[in-house]
Amino acid sequence: MRFKKSIYLFLLLVLIVSCNENKKKKIISTPVSDTISKRIAFHKLEKRSVIGDLDGDGKQDTIFEHNYSKETKTEILESPDPYENDWEIVENWFYTQKADLYLTINKKNKDTLHLGTAQGLYCLINIGDNNNDGKDEIALVIDKLDLSRVNSCKIYSLCNKKWTPLKEFGIHEDSFDFTTDKMPIFNEIKGYLEKRNGKWFYNDYSQNSYDTQEIGKMKRLKTGKCNY
């Protein structure tokens, strides 16, 4: 009986050790990515849109902002919140997603404007027909994946059915600082692109001259016409 009891205790001990080993293996095999993703605070990714006669046919068009993940082959609806996560997490997440920021028009066979890998847009503004070619131009500022507060405003027009840059000038991102819970829609860039008495004026941050004291001086916005 003592021999049988010893065997029983030995088998019970082996069983307990085996269970503990299995438990350890399960803990070790937990995917690291799942653990990390639980620590990331996500928020809804805001998408801009604007209306205007962008192709010169006399009818209103709507241009939409998109951010597409080439990694998952889906539209990005939520992304890491830059105010709740370390910047490195936000930056790496968008690059891992192979994010493609682009603009489309709500009409068939219209050109798509690809803007690269970025969080989104700070602003998307219809500045009207500045060059008198019968089409509205758009101004935009990309929310880049960098730590610099120096940025640029780019003005585009549909030239021969293709999106073409007509002008670019420097801005500072402090124009987009806000105190509300939600980022507002910017219809101008304070201090850099403003509408006065129906006309647009701009200030190029990259050309501000401290020697001549021309700091913040705004000039009448002029854009060239399409080179067809």
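The values are calculated or read from the model by the stated rules, or taken from the named source; none is laboratory data. Quantities reported herein were computed from a predicted structural model and do not represent experimental measurements. Note that each Cβ is placed from the backbone with ideal geometry, even for glycine, and that neighbours are counted across all protein chains shown. To get the accessible areas, we keep the full protein, side chains included, count just its heavy atoms, and leave off ligands, DNA and RNA. Shrake-Rupley method; radii C 1.70, N 1.55, O 1.52, S 1.80 Å.
Among what's in segment 137-150 and is more than 26 Å from Asn227 (Cα to Cα) and acidic (Asp, Glu), pick the residue that is least open to solvent (accessible area, probe 1.4 Å).
Of segment 137-150, the ones more than 26 Å from Asn227 (Cα to Cα) are 143-150.
Those left that are additionally acidic (Asp, Glu): 143, 146.
Details: Asp143: 31, Asp146: 62 Å².
In this case the residue turns out to be Asp143.
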Condition check: at pLDDT below 95, within 27 Å of Asp133 (Cα to Cα) and open to solvent by 60 Å² or more (accessible area, probe 1.4 Å). Does Asn187 satisfy that? no
Complete set of residues in segment 192-214 that are modelled with pLDDT under 75 and assigned to a strand (DSSP E or B): Ser209, Glu214
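Give the residues of segment 102-119 that are in contact with a helix residue (DSSP H, G or I) (Cβ under 9 Å, 6 or more places away or on another chain) and either surrounded by fewer than 19 Cβ atoms within 10 Å (Cβ to Cβ) or closer than 23 Å to Asp61 by Cβ (or both), sorted by residue number. Please lay out each step first, then the result.
Within segment 102-119, the first condition is being in contact with a helix residue (DSSP H, G or I) (Cβ under 9 Å, 6 or more places away or on another chain), and the residues that meet it are 117-119.
If the condition is that a residue be in contact with a helix residue (DSSP H, G or I) (Cβ under 9 Å, 6 or more places away or on another chain) and either surrounded by fewer than 19 Cβ atoms within 10 Å (Cβ to Cβ) or closer than 23 Å to Asp61 by Cβ (or both), then Thr117, Ala118 are the ones that fit.
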When restricted to Lys217, Lys222, the only residue surrounded by 10 or more Cβ atoms within 10 Å (Cβ to Cβ), in a loop (DSSP other than H, G, I, E, B), at pLDDT 90 or above and more than 19 Å from the chain's Cα centre (by Cα) is Lys222
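Could you grab me the full set of residues in segment 46-75 that are free of Cβ contacts under 8 Å to residues at least 40 places away in the same chain and within 17 Å of Leu113 (Cα to Cα)? Spell out how you get there, then give the answer.
Quick first cut of segment 46-75, residues free of Cβ contacts under 8 Å to residues at least 40 places away in the same chain only: 57-60, 66, 68-75.
Within segment 46-75, His66, Tyr68, Ser69, Lys70, Glu75 qualify.
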Can you work out which of the residues in segment 151-181 that are free of Cβ contacts under 8 Å to residues at least 40 places away in the same chain and out of contact with any strand residue (DSSP E or B) (no Cβ under 9 Å at 6 or more places or on another chain) is most open to solvent (accessible area, probe 1.4 Å)? Asp181
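Being closer than 14 Å to His43 by Cα and either among the basic types (Lys, Arg) or open to solvent by 30 Å² or more (accessible area, probe 1.4 Å) (or both) is the filter here, so list the residues in segment 87-97 that pass it. Steps first, answer last, please.
Taking segment 87-97 as the starting set, the residues that turn out to be closer than 14 Å to His43 by Cα are 89-90, 93-94.
Scanning segment 87-97 gives Ile89, Trp93.
Within segment 115-124, does at least one residue satisfy the condition of being hydroxyl-bearing (Ser, Thr, Tyr), under 20 Å from Glu78 (Cα atoms) and under 20 Å from the mean Cα position of the chain (by Cα)? Working first, answer last.
So in segment 115-124, the residues hydroxyl-bearing (Ser, Thr, Tyr) come out as 117, 122.
Still in the list and also under 20 Å from Glu78 (Cα atoms): 117, 122.
Next, from what is left, pick out any that are under 20 Å from the mean Cα position of the chain (by Cα): 117, 122.
Checked segment 115-124: at least one residue is hydroxyl-bearing (Ser, Thr, Tyr), under 20 Å from Glu78 (Cα atoms) and under 20 Å from the mean Cα position of the chain (by Cα).
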Sort out which residues of segment 44-74 are under 12 Å from the mean Cα position of the chain (by Cα) and exposed (fewer than 12 other Cβ atoms within 10 Å of the Cβ), and write them in order of number. Lys44
How many residues are out of contact with any His (no Cβ under 6 Å at 6 or more places or on another chain), closer than 15 Å to Met183 by Cβ and acidic (Asp, Glu) if we restrict to segment 79-94? 1
Unmet requirement for Asn131, which otherwise passes all of (1) open to solvent by 10 Å² or more (accessible area, probe 1.4 Å); (2) more than 20 Å from the chain's Cα centre (by Cα): (1)
Quick check: is even one residue across segment 141-163 aliphatic (A, V, I, L, M) and modelled with pLDDT under 95? yes
